[in-house]
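Engineer: Please read through the structure below; I'll follow up with questions.
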Amino acid sequence: MRRREFLRLAALAPAAALAFSCARRFRRGRARRVILIGIDGMDPGLARSYMDAGLMPNCSRLARMGSFSPLRTEFPPQSPVAWSSFITGTGPESHGIFDFIHRDPVTLAPYLSTSAVEPGGRDLRLGSLRLPLEGSATRLLRAGDPFWRHLREDGMPVTLMKLPVDFPPVSAHGARILCGLGTPDVRGSQGSFTFFTDNPMRISDDTAGGLVIAVRAEDGRYSCPLDGPPDGFRDGSPACRTWITVTADPVSDGVLVETGSGSAVLGRGEWSGWVPVEFGMLGGLSKVRSIARFHLRSVSPHLELYVSPLNMDPAHPSLPICSPRGYAPDLAFSLGPFHTKGFPEDTKALSRGVLDDVSYLGQAFDLYHEQLSLMREGLGGFDEGLFFFYFSTLDLNVHMFYRDIDGLSPTHSTVMDGARGIVPRLYSMMDGAVGEAMEAMDGDTMLLVFSDHGFSPFRRGFNLNSWLAAEGYARLFDPVAARGEMFAGTDWSSTSAYGLGINSLYLNLRGREEGGSVDPAQASALLDRIASGLLSAVDPATGLHPVSNVRVLGGGRVAGLPPHAPDMLVGYASGYRSSWDTSLGGYSEEVISDNTDPWSGDHCMDPDAVPGVLLSSMPLPGASPALRDIGRTACSFLGSTTLPPGKDLGDG
Amino acid sequence: MDSLVPAASRIIAAILDPVAGIAGDAGPLAGMALLSAPAGVLMAEAFRRASPRNLGSLLRSALSRMAGMVLHVEDPVTVVKLAFSSLWRTLVLLAALVPPILLASLPFSAAYGQIRARYGLASPRDHAVVTIDSDSAVEVAGDGVVPPVVRGVSPCTVSFRIEGAGRGALTVDGIPIDTGSGEPGMPLVSRFTTARTPSALLDPSIRIVDGSANRFDGRIGLVQASYEIAGIRAGWLAWFVILSSVEATAWLALASAIRKARRLRPCSPAP
């Protein structure tokens, strides 16, 4: 062999070995491609009944190909908790997400459990101007290793679109990620609308869910102040403000909306597309670009104009909403602007009466089609490895319209005619999305369609704090003053437990809480007493038990818990949930009262009452599948050399 | 003719339309590359011909002063002298660059409007918003007009949506406004006006409307186009600058090679 030939072969050998090893890895898997379609809130009971009624032909076909079964969810069955378990293959005690809301044990200040903004350190002050020398950072609070790390270490392509509880995407490991649930709007909230009106009957100081702002016309034009992100360059970080000009024409029943960077013409009852809205800082040197949709409710006799929560512009995101950085801009380039906020549907606007059922659904349908377009775009370039897509459609909309299928709901009669029959229609729409995913399958593809939890009616609200007060576990200086306000009038020296978040109960523990009154040595016995009391509580109006399950974590029952972990998780029975006041530490006059909000279905209950659903294109012999097993199953099907925690549902 | 295209723009368009039409099937980037080529070559030639012969020595002279400052960094007096000298040489260099840059800007300006109107504007995915400011109320009609037609009282404005900008005619006060053919590489119309604006001379996206007693100024809400080459996405202007610069450099290299070849050609033997 000549020297040159020898050198050429020597150079080719490592490449050939690498190619061989990769081929071996991919050949070993039972599938070349795994498609995961996560449908938040798909209920196995409702899905089965609609499949039997022929409304979901694609899901029926999928069930015949592989399997259909309930999927065990987490305790508590809340989306951030459950999706974190899906990502890590572990429970809340490992990934650290126990509720939508956690609290600082010292100050009791509530905060969003999934991510937090950490302010920058030093800054340079010039009068009221503040020039940060160290930038602030957004931190993902979910702990644990994502399951796709194992796939990425084997060099497999991974794409995760609208991935929940992964904002910011710090643990991408080279996967393509578009963040979903948990991504804030540009104001940093989980979504707050703005409503401009000159109708005095509509104006209120209530800031829950958004702002209602009074405006006045001059020559048929309204100048409307729209607040954006906090301006970190100014002392106190006041909100940036831009002015929107609205030209109203009562004759044509329409308006022209001009944001300065875009415009829209709207007739009454119409939705605009995404309109760019820019906010300037430092005299315009720094810009935050957002997008919003407008909905005109009325021009005459009064202007009523709704502005959706300000989503980050995917073409120019101001925060890291994707990995790699160009992924969301590339999608926006291909598809045009799309929603980036984690909770895309504005349920609060419907609860506040700013939107009615029909106008809310107009928004919901548009968002569904956007999600469908994103999924098509992702599936279009998917050749091998893992593809995940998340749909919010069923969860948020069924929350709002469960009252239509629940004859016992206190708000059953409030459903507008145009919204009747919406729940089966939504399931049918999701079946269409499943059908599109099935079209992308070939003989070497595994498709899993699953949900994080199901649904139950939410007819009655249980105020955990009021129950604790009634049972003597909490003491109030002034019960009337305490109503609605966060722990207002609470005598902490005589309070041994409190509720905050949706399913969380905390002891007022000495050494942990600032005004702690409970001796840690007594914690376990106290928790047992509270658990027993909760399980035996009876709703005097119905004679039913509002609480059907509890899980005690505190008092040393679960080792190694982080300090933000609750001491007990409360599992409400079907038909019940913690009342609206409870989640932010409020008290109410009655312990149990009717839920009169359009938000009429829920899942933050006993996990046995709200299992998720699992549909697969291949038979899964593994018994009693759980949400936390999905990641390991996907890795196993793809032939990953190492596997995350959980159970492989493909093993019998 | 009610909707006028200024003569200069019309002449350039008459030359570029067939080229853009041929390139249309190959996609906008191919069309932009093709239309950028004459602009790039003309800019390069204009720059080369208007540049003083000693441009290279002026540049070297300015750079040598800067290098001298580094070399004599331990001698403050020399550094100050060289700094002033460098400043002066740089000003001389910049002054020498003004005429070639001005001359090169002419083909750039001529091409800019044409390429912007053909490849730099895009119709939004949903309806484009048209807003007309006028002295008094104007009447609008057309198949593509989507109601409501919103009228502002003071100032006098009319706003409405049109379906697919660049695909159909719009009538304002009975005068048809051509919004473009929508064919690939053909100009889209972003503005129409009864005023004779200088910018319309070289920009076919601006239409001068004649024959109306009512003065009005309309704008169509188009969006800026961006393109992707080899995974890199950028706005049309960036690609125009890059493409024309590459083409200009290629032309200069080619012209230089041709000149050298001519100089080296052996003389024909004496008779």
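Engineer: Go through (1) touching a Phe, Trp or Tyr at 6+ places or on another chain (Cβ under 6 Å); (2) open to solvent by 30 Å² or more (accessible area, probe 1.4 Å) and name the single condition A:E590 misses.
Structural biologist: The number of the failed condition is (1).
Engineer: Could you pull out the residue among B:G113, B:G120 that is out of contact with any Cys (no Cβ under 8 Å at 6 or more places or on another chain) and at pLDDT below 90? So that I can check it myself, show each step before the final result.
Structural biologist: Values: B:G120 fails: at pLDDT below 90.
None of the other options fit; the residue is B:G113.
Engineer: Out of (1) open to solvent by 10 Å² or more (accessible area, probe 1.4 Å); (2) within 28 Å of A:V398 (Cα to Cα); (3) of a type in the set (A, V, I, L, M, F, W, C); (4) not assigned by TED's automatic domain parsing to the domain that holds A:W83, what's the single condition that is false for A:L285?
Structural biologist: (2)
Engineer: What residue, of B:R116, B:R125, is out of contact with any Leu (no Cβ under 6 Å at 6 or more places or on another chain), without any contact (Cβ under 8 Å) to a residue 40 or more places away in the chain and of a type in the set (K, R)? Give the derivation first.
Structural biologist: Values: B:R116 fails: without any contact (Cβ under 8 Å) to a residue 40 or more places away in the chain.
Going through B:R116, B:R125 in turn, just one is out of contact with any Leu (no Cβ under 6 Å at 6 or more places or on another chain), without any contact (Cβ under 8 Å) to a residue 40 or more places away in the chain and of a type in the set (K, R): B:R125.
Engineer: Considering only the stretch B:207-228, state which residues are part of a strand (DSSP E or B) and more than 14 Å from chain A (Cβ to nearest Cβ). Explain how you work it out, then say what you get.
Structural biologist: From the stretch B:207-228, those part of a strand (DSSP E or B) are B:207-209, B:216-220, B:223-224, B:226-228; that's our starting set.
Selection gives B:R207, B:I208, B:V209, B:F216, B:D217.
Engineer: Now for a different question. Assess whether A:F100 counts as being under 20 Å from the mean Cα position of the chain (by Cα) and open to solvent by 40 Å² or more (accessible area, probe 1.4 Å). Talk me through it step by step, then tell me what you get.
Structural biologist: Values: under 20 Å from the mean Cα position of the chain (by Cα): yes; open to solvent by 40 Å² or more (accessible area, probe 1.4 Å): yes.
Yes, satisfied.
Engineer: Could I ask something else about it? Given the criteria touching a Ser or Thr at 6+ places or on another chain (Cβ under 7 Å) and among the polar types (S, T, N, Q), does B:T194 qualify?
Structural biologist: Working: touching a Ser or Thr at 6+ places or on another chain (Cβ under 7 Å): yes; among the polar types (S, T, N, Q): yes.
In short, yes.
Engineer: While we're here: Quick check: anything in the stretch A:200-213 over 22 Å from A:G280 (Cα atoms), within 14 Å of chain B (Cβ to nearest Cβ), open to solvent by 40 Å² or more (accessible area, probe 1.4 Å) and not hydroxyl-bearing (S, T, Y)? Steps first, answer last, please.
Structural biologist: Initially, the stretch A:200-213 is screened for residues over 22 Å from A:G280 (Cα atoms), giving A:200-209, A:212.
When the remaining residues are screened for being within 14 Å of chain B (Cβ to nearest Cβ), the result is none.
Among the residues of the stretch A:200-213, not one is over 22 Å from A:G280 (Cα atoms), within 14 Å of chain B (Cβ to nearest Cβ), open to solvent by 40 Å² or more (accessible area, probe 1.4 Å) and not hydroxyl-bearing (S, T, Y), which makes the answer no.
Engineer: Please determine whether any residue of the stretch A:222-244 is open to solvent by 40 Å² or more (accessible area, probe 1.4 Å), over 28 Å from the mean Cα position of the chain (by Cα), within 14 Å of chain B (Cβ to nearest Cβ) and in contact (Cβ under 8 Å) with a residue 24 or more places away in the chain. Spell out the reasoning first.
Structural biologist: As a first pass, look at the stretch A:222-244 and keep what is open to solvent by 40 Å² or more (accessible area, probe 1.4 Å): A:223, A:230, A:233-239, A:241, A:243.
Checking the rest, the ones that are also over 28 Å from the mean Cα position of the chain (by Cα) come to A:223, A:233-236, A:243.
Retained after the next criterion (residues that are within 14 Å of chain B (Cβ to nearest Cβ)): A:223.
Those left that are additionally in contact (Cβ under 8 Å) with a residue 24 or more places away in the chain: none.
No; the residues of the stretch A:222-244 include none that is open to solvent by 40 Å² or more (accessible area, probe 1.4 Å), over 28 Å from the mean Cα position of the chain (by Cα), within 14 Å of chain B (Cβ to nearest Cβ) and in contact (Cβ under 8 Å) with a residue 24 or more places away in the chain.
Engineer: Does A:G326 fit the bill of being of a type outside the set (K, R) and either more than 21 Å from A:A116 (Cα to Cα) or over 19 Å from the mean Cα position of the chain (by Cα) (or both)? Steps first, answer last, please.
Structural biologist: Numbers: of a type outside the set (K, R): yes; either more than 21 Å from A:A116 (Cα to Cα) or over 19 Å from the mean Cα position of the chain (by Cα) (or both): yes.
When the stated conditions are applied, A:G326 passes them.
Engineer: Could you list all residues from the stretch A:578-594 that are closer than 21 Å to A:S532 by Cβ and in a loop (DSSP other than H, G, I, E, B)? Give the derivation first.
Structural biologist: Initially, the stretch A:578-594 is screened for residues closer than 21 Å to A:S532 by Cβ, giving A:578, A:582, A:591-592.
Of everything in the stretch A:578-594, just one residue is closer than 21 Å to A:S532 by Cβ and in a loop (DSSP other than H, G, I, E, B), namely A:V591.
Engineer: Now for a separate question. Suppose we filter the stretch B:229-249 for residues that are part of a helix (DSSP H, G or I) and touching a helix residue (DSSP H, G or I) at 6+ places or on another chain (Cβ under 8 Å); how many remain? Write out each step before concluding.
Structural biologist: Going residue by residue through the stretch B:229-249, those that are part of a helix (DSSP H, G or I) are B:236-249.
Going one step further and asking which of them are touching a helix residue (DSSP H, G or I) at 6+ places or on another chain (Cβ under 8 Å), we end up with B:236-237, B:239-240, B:243-249.
Result for the stretch B:229-249: 11.
Engineer: Here is a further query. For the stretch B:187-238, what are the residues that are crowded, with 22+ Cβ neighbours inside 10 Å, more than 17 Å from B:M32 (Cβ to Cβ) and either among the basic types (K, R) or within 17 Å of the chain's Cα centre (by Cα) (or both)?
Structural biologist: Across the stretch B:187-238, the qualifying residues are B:V189, B:S190, B:A200, B:I206, B:R207.
Engineer: Just to be sure I understand, how many residues within the stretch B:147-170 are within 25 Å of A:V246 (Cα to Cα) and either touching a residue at least 40 places away in the same chain (Cβ under 8 Å) or surrounded by fewer than 17 Cβ atoms within 10 Å (Cβ to Cβ) (or both)? Write out each step before concluding.
Structural biologist: Initial filter on the stretch B:147-170 (within 25 Å of A:V246 (Cα to Cα)): B:147-165, B:170.
With the extra rule that they be either touching a residue at least 40 places away in the same chain (Cβ under 8 Å) or surrounded by fewer than 17 Cβ atoms within 10 Å (Cβ to Cβ) (or both), the set shrinks to B:147, B:153-156, B:162-165, B:170.
Residues meeting the conditions: 10.
Yes/no matrix, rows are residues, columns are (1) assigned to a strand (DSSP E or B); (2) at pLDDT 90 or above; (3) under 21 Å from A:S536 (Cα atoms); (4) within 20 Å of the chain's Cα centre (by Cα):
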residue: A:R557; (1), (2), (3), (4): no, yes, no, no
residue: A:Y576; (1), (2), (3), (4): yes, yes, yes, no
residue: A:T596; (1), (2), (3), (4): no, yes, no, no
residue: A:C604; (1), (2), (3), (4): no, yes, yes, yes
residue: A:L615; (1), (2), (3), (4): yes, yes, no, no
residue: A:M618; (1), (2), (3), (4): no, yes, no, no
residue: A:G622; (1), (2), (3), (4): no, no, no, no
residue: A:R628; (1), (2), (3), (4): no, yes, no, yes
residue: A:R632; (1), (2), (3), (4): no, yes, no, no
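Engineer: Among what's in the stretch A:234-253 and is in contact with a Pro (Cβ under 8 Å, 6 or more places away or on another chain) and part of a loop (DSSP other than H, G, I, E, B), pick the residue that is nearest to A:T194 (Cα to Cα).
Structural biologist: A:P238
Engineer: Conditions: (1) surrounded by fewer than 19 Cβ atoms within 10 Å (Cβ to Cβ); (2) in contact with a strand residue (DSSP E or B) (Cβ under 7 Å, 6 or more places away or on another chain). B:P28 meets all but one. Number of the miss?
Structural biologist: (1)
Engineer: When the stretch A:197-221 is examined, which residues are found to be in contact (Cβ under 8 Å) with a residue 24 or more places away in the chain and within 27 Å of the chain's Cα centre (by Cα)? Please lay out each step first, then the result.
Structural biologist: Going through the stretch A:197-221, the residues in contact (Cβ under 8 Å) with a residue 24 or more places away in the chain turn out to be A:197-199, A:202, A:206, A:208-210, A:212, A:215, A:217, A:220-221.
Matches in the stretch A:197-221: A:D206, A:A208, A:G209, A:G210, A:V212.
Engineer: While we're looking at this one, here's another question. Answer with yes or no whether A:L256 is within 13 Å of chain B (Cβ to nearest Cβ), in contact (Cβ under 8 Å) with a residue 40 or more places away in the chain and part of a strand (DSSP E or B). So that I can check it myself, show each step before the final result.
Structural biologist: Numbers: within 13 Å of chain B (Cβ to nearest Cβ): yes; in contact (Cβ under 8 Å) with a residue 40 or more places away in the chain: no; part of a strand (DSSP E or B): yes.
Spelling it out, it is not the case that A:L256 is within 13 Å of chain B (Cβ to nearest Cβ), in contact (Cβ under 8 Å) with a residue 40 or more places away in the chain and part of a strand (DSSP E or B).
Engineer: Can you tell me which of A:V610, A:V570, A:V538, A:V558 is in contact with a helix residue (DSSP H, G or I) (Cβ under 6 Å, 6 or more places away or on another chain) and of a type in the set (V, I, T)?
Structural biologist: Details: A:V610 fails: in contact with a helix residue (DSSP H, G or I) (Cβ under 6 Å, 6 or more places away or on another chain); A:V570 fails: in contact with a helix residue (DSSP H, G or I) (Cβ under 6 Å, 6 or more places away or on another chain); A:V538 fails: in contact with a helix residue (DSSP H, G or I) (Cβ under 6 Å, 6 or more places away or on another chain).
Of A:V610, A:V570, A:V538, A:V558, the one residue that is in contact with a helix residue (DSSP H, G or I) (Cβ under 6 Å, 6 or more places away or on another chain) and of a type in the set (V, I, T) is A:V558.
Engineer: Continuing with the same structure: Considering A:T183, A:T194, which residue is in a strand (DSSP E or B), more than 14 Å from chain B (Cβ to nearest Cβ) and not small (G, A, S)?
Structural biologist: On the way: A:T183 fails: in a strand (DSSP E or B).
Residue meeting the stated conditions: A:T194.
Engineer: Select from the stretch A:298-342 the residues that are touching a residue at least 40 places away in the same chain (Cβ under 8 Å), hydrophobic (A, V, I, L, M, F, W, C), surrounded by fewer than 21 Cβ atoms within 10 Å (Cβ to Cβ) and assigned to a loop (DSSP other than H, G, I, E, B) and list them in ascending order.
Structural biologist: The one that is touching a residue at least 40 places away in the same chain (Cβ under 8 Å), hydrophobic (A, V, I, L, M, F, W, C), surrounded by fewer than 21 Cβ atoms within 10 Å (Cβ to Cβ) and assigned to a loop (DSSP other than H, G, I, E, B): A:L319.
Engineer: Kindly establish whether B:V79 is assigned to a helix (DSSP H, G or I), open to solvent by 40 Å² or more (accessible area, probe 1.4 Å), without any contact (Cβ under 8 Å) to a residue 60 or more places away in the chain and not aromatic (F, W, Y). First the steps, then the outcome.
Structural biologist: Numbers: assigned to a helix (DSSP H, G or I): yes; open to solvent by 40 Å² or more (accessible area, probe 1.4 Å): no; without any contact (Cβ under 8 Å) to a residue 60 or more places away in the chain: yes; not aromatic (F, W, Y): yes.
Taking the combined requirement at face value, the residue does not satisfy it.
Engineer: Go through the stretch A:523-555 residue by residue and tally those that are farther than 28 Å from A:S456 by Cα and either open to solvent by 40 Å² or more (accessible area, probe 1.4 Å) or not in a loop (DSSP other than H, G, I, E, B) (or both).
Structural biologist: Residues meeting the conditions: 4.
Engineer: Exactly one of (1) over 24 Å from A:F333 (Cβ atoms); (2) surrounded by fewer than 17 Cβ atoms within 10 Å (Cβ to Cβ); (3) not hydroxyl-bearing (S, T, Y) is unmet by A:R376. Its number?
Structural biologist: Every condition holds for A:R376 apart from (1).
Engineer: Further, regarding this structure: In the stretch A:26-68, what residues are acidic (D, E) and either outside the structural domain of A:D651 (by TED's automatic domain parsing) or crowded, with 18+ Cβ neighbours inside 10 Å (or both)? Show your work before the answer.
Structural biologist: We begin by selecting, within the stretch A:26-68, every residue acidic (D, E); these are A:40, A:43, A:52.
Matches in the stretch A:26-68: A:D40, A:D43.
Engineer: Looking at this structure, is A:S261 in the same structural domain as A:S308 (by TED's automatic domain parsing) and not in a strand (DSSP E or B)?
Structural biologist: Numbers: in the same structural domain as A:S308 (by TED's automatic domain parsing): yes; not in a strand (DSSP E or B): yes.
For A:S261, the condition - in the same structural domain as A:S308 (by TED's automatic domain parsing) and not in a strand (DSSP E or B) - is met.
The values are calculated or read from the model by the stated rules, or taken from the named source; none is laboratory data. No experiment lies behind these values; they were computed from the predicted model shown. Every residue, glycine among them, receives a Cβ derived from its backbone with ideal geometry; neighbour counts consider all protein chains shown. Ligands, DNA and RNA are stripped out before the accessible areas are found, and what is left, the full protein with its side chains, is counted by its heavy atoms. Shrake-Rupley method; radii C 1.70, N 1.55, O 1.52, S 1.80 Å.
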